[in-house]
Amino acid sequence: MTSDLILKFADAEILLDDAAYRKLNDHNNSNELAESLINDLVNNGDSIFLLTEEMVDEFLEEKESSIEPIRQSKLLPQEFDFQIIQDASKKSYTNGEIKDFSSYFANRYHKLWQMLTRKHELQNVQPIKNAQRSEDVVEVVGMVNDIRYTKKNHKFMEIEDETGTISLLVHNDNHQLYEDAERIVKDQVMGVIGSRKGNILMASQIINPGVPRIDEKKMDFSAVFLSDTHIGSSTFLEKAFQRFIKWMNGDYGDESQREIANNVKYLVIAGDIVDGIGVYPGQDKELNIKDIYQQYEEAARLLGDLTDVKIIIAPGNHDACRLAEPQPALPEEYAKDLYQMKNVEFVSNPSLVSMDGIKTLIYHGRSFDDLAMTVKGLSHQNSDIIMKELLEKRHLAPIYGERTPLASEIEDHLVIEDVPDVFHTGHVHINSYKKYKGIHLINSGTFQSQTEFQKIYNIVPTCAQVPVLNQGSMKLLKFN
Ligand code: D5M
Ligand code: FE
Ligand code: ZN
């Protein structure tokens, strides 16, 4: 029986030798291949003859090389699946009345109450007013008003909900609980299980809203994380930064580093992109660029060479923004040149974005100052532990009224409502990284060498070290 393949070729007046026939017949798409081969031969006006195996191979090779490469190439425009999931820029407003202050706390309490009462340990939560009279073990959700120690060094707190307040005692014999309670801060919202003794609740369990362990998502690209470049400062490490830009463009580093650069799709900048002006007394003595507009122009000049990655910029406490958090996105009037760039997105501090499905929570990190000051064991050196603590508390700046100015608005935008895949911060100028319950906790350090202010506080920055989440695994690239 003459095969269909041979007939096809015969119709076009082409003969096949045995090896060519076998090659075509073994191909998993032989009919389609035969047709395109015949088309090609006929269109080329090749008059007829015997088709050999070599000719089939040649055709297949040509066909393969004409297919567009699947891998991302820097020469092809990238396609971005980028979304801003949460941004406080447009929602943030205050009318300045004291009513906002209490509705702000009511909103914080309500959001966290919802998370806490979904937990299996807290299925019988009662209003604090009822707990004041209860004889049994009670479950309550309270906001922490006050934290003190008794003379015998037990931990003594007052917690509150909209129905009342109750005193809470954590006995220092209960070592694990006492240790956990040492991380409680004012204004956080937590669950408590305890039994009433007189008008005091003896705590047996303290429960944070917490985060579940998440499944890691597949990631076929890389994202680069920056913060605290402090452009305009005399301590801004411009040479190192230029090496970083060259690396991003594939012109710096060894082969494996260039390979990583080739995968980069997103660059996230978590605040303090410029040094600003008048941020602290005597700052002008340490400024190379003393004009805020020119600082952002310089930032645009330096970042302007990056044309095929998406750049996401959030503000920090040195930026030309309202200081109170949530900080709205950088205003266009200060950063016209950056706004001219087609590949730059401006978001609030904090904000939540999705980069090809990877949910990234961006927060500059001002509240780290308060937490490092308040909680034993937390410091600027280990912001990864602070980030873990904030995730457990599900709030980015739990302490109200210290160094972190919070806008008392109708909604508390600093509650961590969604569990992110990446939690990216800056501010402390010291790199850190940890994977916690499947979440990447990243602090991206700085491109500013030690300032006079930091000398006084003995803050030793880690400079020009850039974290890259390269297809799901963390790499720290050094440009100093
Ligand atoms: O913050 C630069 C560094 O200085 C960072 O490590 C935080 C620390 N810092 C900033 N402000 C304070 C205050 N008020 N107290 C203690 N430590 C602080 P930057 O935001 O870049 O100036
Ligand atoms: Fe900074
Ligand atoms: Zn800062």
**Request:** Express the Stokes-Einstein translational diffusion coefficient of segment 1-44 in µm² s⁻¹, to the nearest whole number, given a Kirkwood radius over alpha-carbon pairs, 20 °C and a viscosity of 1.002 mPa s.
**Result:** 204 µm²/s
**Message:** Order these by the 10 Å Cβ neighbour count, fewest first: Glu255, Glu417.
**Reply:** Glu255, Glu417
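Work out how much length Ser473 to Ser167 would gain on full extension: take 0.36 nm times their residue separation and subtract the Cα-Cα distance, in nm to one decimal.
105.6 nm
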**Prompt:** If you put +1 on each Lys and Arg Cβ and -1 on each Asp and Glu Cβ, how big is the dipole of segment 120-207 around its Cα centre, in Debye rounded to 20?
**Reply:** 380 debye
**Fill in**
Among the Cα-Cα pairs of segment 405-446, the proportion with separation greater than 17 Å, in percent, is 48 percent
**For segment 410-480, alpha-carbon Rg and Dmax in angstrom** = 14.7, 45
**Fill in**
segment 309-365 and segment 258-306 have their Cα centres apart by a whole-number Å value of 12 Å
**Message:** What FRET efficiency comes out for Leu50 versus Gln78 if R0 is 35 angstrom and r is the Cβ-Cβ distance? Round to the nearest 0.05.
**Reply:** 0.15
**Message:** Using only Cα atoms and rounding to the nearest 10 degrees, what angle (0 to 90) does helix 292-303 make with the longest principal axis of the chain?
**Reply:** 30 degrees
**Asked** Relative to the longest principal axis of the chain, what angle (0 to 90°, nearest 10) does the C-alpha long axis of helix 30-43 take?
**Response** 60 degrees
**Complete:** The pairs in Lys359/Lys437; Lys218/Lys376; Lys90/Lys359; Lys376/Lys478; Lys393/Lys434; Lys434/Lys455 lying past 25 Å Cα-Cα in this model are Lys218/Lys376; Lys376/Lys478; Lys434/Lys455
**Message:** How large is the Kirkwood hydrodynamic radius of the chain, counting all unique pairs of alpha carbons, in Å?
**Reply:** 26.0 Å
**Antiparallel bridge percentage (DSSP; both residues within the chain; nearest 5)** = 65 percent
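Give me the Kirkwood hydrodynamic radius of segment 120-207, using the inverse of the mean 1/r over all pairs of distinct Cα atoms, in Å to one decimal.
On the way: mean 1/r = 0.0787 Å⁻¹.
Result for segment 120-207 stands at 12.7 Å.
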**Asked** FRET efficiency for Glu411 and Asp254, Cβ-Cβ distance as r, R0 = 51 Å, nearest 0.05?
**Response** 0.60
**Request:** Return the lysines within reach of Lys23: Cα separation strictly under 22 angstrom, same-chain partners fewer than 8 residues apart disregarded; answer none if there are no such residues.
**Result:** Lys8, Lys63
**Asked** So which trypsin sites (Lys or Arg not before Pro) in segment 185-221 pass both tests, a DSSP loop state and at most 13 other Cβ atoms within 10 Å of the Cβ?
**Response** Arg213, Lys217, Lys218
**Spacing of the two label points (7 Å from each Cα toward its C-beta) at Tyr293 and Phe101, in nm** = 3.8 nm
**Item:** Between 0 and 90°, nearest 10: helix 98-116 axis offset from the chain longest Cα axis
**Value:** 60 degrees
**Fill in**
Here the relative contact order (percent) of the chain, from C-alpha pairs under 8 Å and at least 6 apart, is 16 percent
**Item:** segment 160-201, dipole about Cα centre (Lys/Arg Cβ +1, Asp/Glu Cβ -1), debye to the nearest 20
**Value:** 180 debye
**Prompt:** Taking the simple approach of a point 7 Å from Cα along Cα-to-Cβ for both Lys455 and Glu179, what is their distance in nm?
**Reply:** 4.0 nm
**Message:** Quick check: the distance between the Cα centres of segment 20-43 and segment 414-480, to the nearest angstrom?
**Reply:** 56 Å
**Asked** Using the 10 angstrom Cβ neighbour count as an exposure proxy, how do His395, His110 rank, fewest first?
**Response** His110, His395
**CD proxy at 222 nm, helix term only [per DSSP H run n ≥ 4: -39500 (n - 2.57); per residue of the chain; nearest 500]** = -8000 deg cm²/dmol
**Gyration tensor (Cα) of segment 301-421, equivalent ellipsoid semi-axes in angstrom** = 27, 17, 14
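About its Cα centre, how strong a charge dipole does the chain have in debye, to the nearest 20, once Lys and Arg get +1 and Asp and Glu get -1 at the Cβ?
Details: 51 positive and 75 negative charges, 655 e Å.
In debye, rounded to 20, the chain gives about 3140.
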**Listed residues Ile439, Phe479, Val375: farthest to the positive end of the dipole of the chain (Cβ charges)** = Val375
**Message:** I need the calculated FRET efficiency for the pair Glu121 and Lys63, taking r as the beta carbon distance and R₀ as 60 Å, to the nearest 0.05.
**Reply:** 0.45
**Prompt:** Fewest to most neighbouring Cβ within 10 Å: what's the order for Lys434, Lys376?
**Reply:** Lys376, Lys434
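The numbers here are math on the coordinates, done by the rules we state, and not lab data. Every value quoted in this text rests on a predicted model; they were computed, and no experiment measured them. Neighbour counts are summed over all protein chains in view; Cβ atoms, including those assigned to glycine, are modelled from backbone coordinates with ideal geometry.
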